[in-house]
Amino acid sequence: MPERAKIVVLFSGKGTNLENLIRHFHHQKFGDTETEIVPITNRPDAEGILRAKRYGIDTVVIDHRNYKNRELFDTKLVEVIRSHSPKLVVMAGFMRILTPIFTSQIEAINLHPSLLPLFKGANAIMRSFESGMKVGGVTIHRVSQELDSGEILAQACVGIAEEDTLESFTRNIQETEYRLLPEVVKKLLNLPDP
Ligand code: GAR
């Protein structure tokens, strides 16, 4: 029997990174390990729910509007994550500010579309593009109490050329995310080649 390694993916919107992780890891065998993706969202209208459905995967929805405050939402989120005993928790477009209830109990990694510590927070791609810098990029870091500030695990640069538009730069950032995030997941789980 292969060992099961569940990967919880937290997301809030489109879920293209979720879909990419599903393609790489859902019911995939790496040596003696079989990986499985467990998607969780805070938004019942998140497009990623439909993407996961196309692969026959149900998303756990924890609607943050049903919780009086961040602490109560995070308590529920921690409970649901723990019930799956995941080997790894990945935040891929999860647009929530986390409380210590989450960060003190769950070890997670986060994908962020800039070269941290530059451009923390929302609209990082646009702010990076408009900064006048000739490079932007993608960061994957451990989640800590302070927003977008935990230990950096991997980074990749994305050039900003004269002819780039916000759309073309965004596409290049996304392509880089689709390459970098699975690499880091594989490394953290010590997965051999399939
Ligand atoms: C990704 O570009 C990710 O880096 C970003 O949200 C996007 C989600 O896209 N995350 C943040 O900005 C976190 N601060 P997706 O839903 O299509 O995967």
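Read-outs: derived from the displayed coordinates by stated rules, not from any lab. Values in this document were obtained by computation on a predicted structure and should not be read as measured data. Cβ placement follows ideal geometry from the backbone for every residue including glycine, while neighbour counts extend to all protein chains displayed.
Gaussian network model of the chain, Cα springs within a sub-10 Å range: biggest mean-square fluctuation belongs to which of ALA46, ALA154, ALA122?
Maximum fluctuation in the GNM of the chain, among the listed residues, is at ALA122.
Could you list the trypsin sites (Lys or Arg not before Pro) in the stretch 1-54 that lie in coil according to DSSP, counting only those with at most 13 other Cβ atoms within 10 Å of their Cβ?
Listed in order of number, the matching sites are ARG54.
State the Cα centre-to-centre distance between the stretch 137-170 and the stretch 1-64 in whole Å.
Taking the Cα centre of the stretch 1-64 as reference, the centre of the stretch 137-170 is 22 Å away.
So for the pair ARG54, ASN123, with labels modelled 7 Å out along Cα→Cβ, what separation do we get in nm?
Each label point is offset 7 Å from its Cα along the Cβ direction, giving 3.0 nm.
Please compute the modelled spin-label separation between GLN28 and LEU189, points set 7 Å along Cα→Cβ, answer in nm with one decimal.
Distance between the two pseudo-spin positions: 0.8 nm.
Name the lysines eligible as straight-distance cross-link partners of LYS134: C-alpha to C-alpha under 28 Å, and not fewer than 8 places from it in the same chain.
LYS14, LYS120
List the trypsin sites (Lys or Arg not before Pro) in the stretch 62-112 that DSSP assigns to loop (not H, G, I, E or B) and whose Cβ has at most 11 other Cβ atoms within 10 Å. Which are they?
Sparse-neighbourhood loop trypsin sites (Lys or Arg not before Pro): LYS68.
Under the rule a/c < 1.5 gives rounded, and otherwise a/b versus b/c splits prolate from oblate, where does the stretch 82-163 land using the Cα gyration tensor?
The shape class here is prolate.
If you fit an axis through the alpha-carbon atoms of helix 166-188 and take the longest principal axis of the Cα set of the chain, what angle between them do you get, 0 to 90°, nearest 10?
Its long axis makes an angle of about 40 degrees.
For a quick check of your reading of the filter: which GluC sites (Glu not before Pro) in the stretch 126-167 sit in a DSSP loop and have no more than 13 other Cβ atoms within 10 Å? Walk me through the numbers on the way to the answer.
On the way: sites: GLU130, GLU146, GLU151, GLU162, GLU163, GLU167; in loops: GLU130, GLU146, GLU151, GLU162, GLU163.
Answer in residue order: GLU130, GLU146, GLU151, GLU162, GLU163.
Could you calculate the FRET efficiency of HIS84 with ASP164 from 1/(1 + (r/R0)^6), where r is the beta carbon distance between them and R0 is 35 Å, rounded to 0.05?
0.30
Please give the helix 70-83 orientation as an angle from the longest Cα principal axis of the chain, in degrees from 0 to 90, rounded to the nearest 10.
60 degrees
Can you report the principal axis dimensions of the stretch 144-188 using only the alpha carbons, biggest first, rounded to whole angstrom?
Over the stretch 144-188, Cα extents along the principal axes are 36, 25, 13 Å.
Going Cα to Cα from LYS6, which lysines come in below 20 Å? Please leave out same-chain ones fewer than 8 positions away.
The qualifying lysines are LYS29, LYS53, LYS76, LYS87, LYS186, LYS187.
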